[in-house]
Amino acid sequence: MRPLTREEVRDAIVNLDPATKKVRLPARFDDVRWHRIDYLGWRDLRAPKHAYLVTEADGRAHGVLLRQAPNDAAHGSRAVMCDLCRFARRFNEVSLFTAQRPSRDKRERLDAVGLLLCTDLDCAVKVHGKPVREAVDRPVDEIIASRREGLRSRTIAFVRSVAEPRRAAERNASGAARRRRRYEGP
């Protein structure tokens, strides 16, 4: 990932609540090793259930504000897989995060997209970890490069899915077409 400026990161967040237009950057923003990460993820220290996810695609920064859902203790000791890095971890190390889609229409503000994500937002550490390798596996460098590419593409796809709000007109048009077919009969 190319180094991003503070302004680029702040401007990248597409789904901020209109009332709170402030993005608090990570405390160690100047120490980020950009060449080692595929996305920048951090928690808001003043709002612990809020997290930010920013990635770079097509020469631009793209980002979203995430809200962590409470972990359900009913899972017991099951393993859960992170949707971005695809590593299985203990149930309390992976959480459901949701991102509201941006919308000017008040009726659509509850439209959200969710994913299971490493609670500590450290997917890059897992992806860069040395894999357990068998004799028939690819070289370690190729495995890590493949993991990084997968993480990057899944992150970009998620951020873009949040940034593309569903249009009410499209939903209304498809609903009207369904109703017409139902009333017209076979």
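The values are calculated or read from the model by the stated rules, or taken from the named source; none is laboratory data. In this text the structure is predicted, and so the values were computed from the model without any measurement. Here the Cβ positions follow ideal geometry from the backbone for every residue, glycine too, while neighbour counts run over all protein chains shown. Areas reflect the complete protein model, heavy atoms only, side chains present, ligands, DNA and RNA absent. Shrake-Rupley method; radii C 1.70, N 1.55, O 1.52, S 1.80 Å.
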(message) At 7 Å along Cα-to-Cβ for each site, give me the label-to-label distance between Asn92 and Asp120 in nm.
(response) 1.3
(request) First compute the accessible area of region 1-62 with a 1.4 Å probe, then give the percent of it belonging to carbon and sulfur atoms. (result) 49
(request) Using a 1.4 Å probe and ignoring any ligands, DNA or RNA, find the accessible area of Met1 and quote it in Å² to the nearest 10. (result) 40
(message) Give me log10 I(q)/I(0) at q = 0.13, 0.16, 0.33 Å⁻¹ for region 1-49, Debye formula, one equal scatterer per alpha-carbon, no solvent.
(response) -0.33, -0.50, -1.47
(request) With a 1.4 Å probe and all protein chains in place, put Lys130, Lys49 in order of accessible area, largest first. (result) Lys130, Lys49
(message) Using a probe radius of 1.4 Å on heavy atoms only, what accessible surface per residue do you get for region 1-51? Whole Å² is fine.
(response) 65
